[in-house]
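Colleague: Below you will find the structure I want to go over with you.
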Amino acid sequence: FTITLEDVELQLGFSVNGLVVTGVVHVDDWSAICHQLLGKVPDKFSGSRIEMKWLEDNF
């Protein structure tokens, strides 16, 4: 079973249409980035990762 971008769009309502964003990103404050992009900040991060459960619960 493979999760596709279309699956993410259906599950979370995130749009997957548009320009592709790729590359290496170095961020010192992931909380600020989450707040800017999502309007919310998760309680915890695993490196630069957010738990899918948090996304499901909040969106």
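Colleague: Determine, for THR4, THR22, the number of other Cβ atoms within 10 Å of each Cβ, and report the residues in order from fewest to most.
Modeller: Lowest to highest Cβ neighbour count: THR22, THR4.
Colleague: Could you tell me which label, among (1) 31, 14, 11; (2) 20, 16, 12; (3) 31, 14, 6, carries the value of semi-axes √(5λ) of the Cα gyration tensor in Å calculated for this structure?
Modeller: (2)
Colleague: Quick check on the chain: helices-only [θ] at 222 nm, where DSSP H runs of length 4 and up contribute -39,500 (n - 2.57) each and the sum goes over total residues. Nearest 500, please.
Modeller: -11000 deg cm²/dmol
Colleague: May I pose another question? Where is the GNM fluctuation largest for the chain (alpha-carbon springs, 10 angstrom cutoff): VAL24, VAL16, VAL41?
Modeller: VAL24
Each value in this text was obtained by applying a stated rule to the coordinates, not by laboratory testing. Small disclaimer: the values here were computed from a predicted structure and weren't measured. Counting neighbours? That spans all protein chains shown, and the Cβs are built from the backbone with ideal geometry, glycine included.
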